[in-house]
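Throughout, read-outs are computed from the coordinates displayed, never taken from laboratory work. Values in this document were obtained by computation on a predicted structure and should not be read as measured data. A quick note on method: Cβ atoms are made from the backbone with ideal geometry, for glycine too, and the neighbour counts reach across all protein chains shown.
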Amino acid sequence: MIGLLILAQNNLGKGMIEAVEHTFGRRPPQLEVLGVDYSQTPEQLENTIERYLNKVDLGEGVLILADIYGATHTNVACRRLQRGHIELITGVNLPMLLRVLNYRNLGMDDLIDKALSGGCGGIVCAAGSPDIKEAGK
């Protein structure tokens with residue numbers, strides 16, 4: 001099973017884990033969250049990310065889901081990437097995370113496809129949805 005590491009600002013990742021625990025009734029294995037500690041230097045952050053990667057990687061790789069691309073924590077995580085073994089997707093949202101948790105036994109490339117489709121598919125403008133009727137009709 002592919003391990004998962006969430007990198008996110010402060011309590012964003014923690015909140016996602018709480019939602020996952022509510023949805024599944026438990027915390028899935030090989031799932032960790034690293035809330036960004038703004039007091040850490042990039043070198044310290046890199047060491048922390050490395051520790052977390054080692055914790056969740058049991059041999060089949062790790063998918064890192066992060067909040068935003070280009071921030072210090074994702075720039076540091078990019079240094080650890082290994083095509084097909086340690087991958088990074090940014091723009092994490094709850095639909096993406098739930099989709100990934102349901103398909104972690106796929107290969108990395110297929111899991112990435114599921115993450116991207118889950119993340120994009122979870123973005124809906126409710127007023128434009130065919131399930132929503134106009135008010136008063």
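Arrange His73, His85, His22 by Cβ neighbour counts within 10 Å, fewest through most, would you?
Ordered by Cβ neighbours within 10 Å, fewest first: His22, His85, His73.
What length, rounded to one decimal in nm, is gained on full extension from Thr23 through to Gln40, with 0.36 nm per residue of separation minus their alpha-carbon distance?
2.9 nm
Could you state the angle between the C-alpha long axis of helix 12-24 and the longest principal axis of the C-alpha atoms of the chain, as a value from 0 to 90 degrees rounded to the nearest 10?
60 degrees
Pick out, in residue order, every one of the GluC sites (Glu not before Pro) in the range 36-137 that is DSSP loop and has at most 10 other C-beta atoms within 10 Å; say none if there are none.
Taking the range 36-137 and a limit of 10 other Cβ atoms within 10 Å, the loop GluC sites (Glu not before Pro) found are Glu134.
Rounded to whole Å and ordered largest first, report the semi-axes of the equivalent ellipsoid of the chain derived from its Cα gyration tensor (root of 5λ).
28, 17, 14
Suppose we keep just the DSSP beta bridges with both residues in the range 6-121; what percent of those would be antiparallel, to 5?
10 percent
Residue farthest toward the positive end of the dipole of the chain, with Cβ of Lys/Arg at +1 and Asp/Glu at -1: which of Ile89, Tyr52, Leu106?
Leu106
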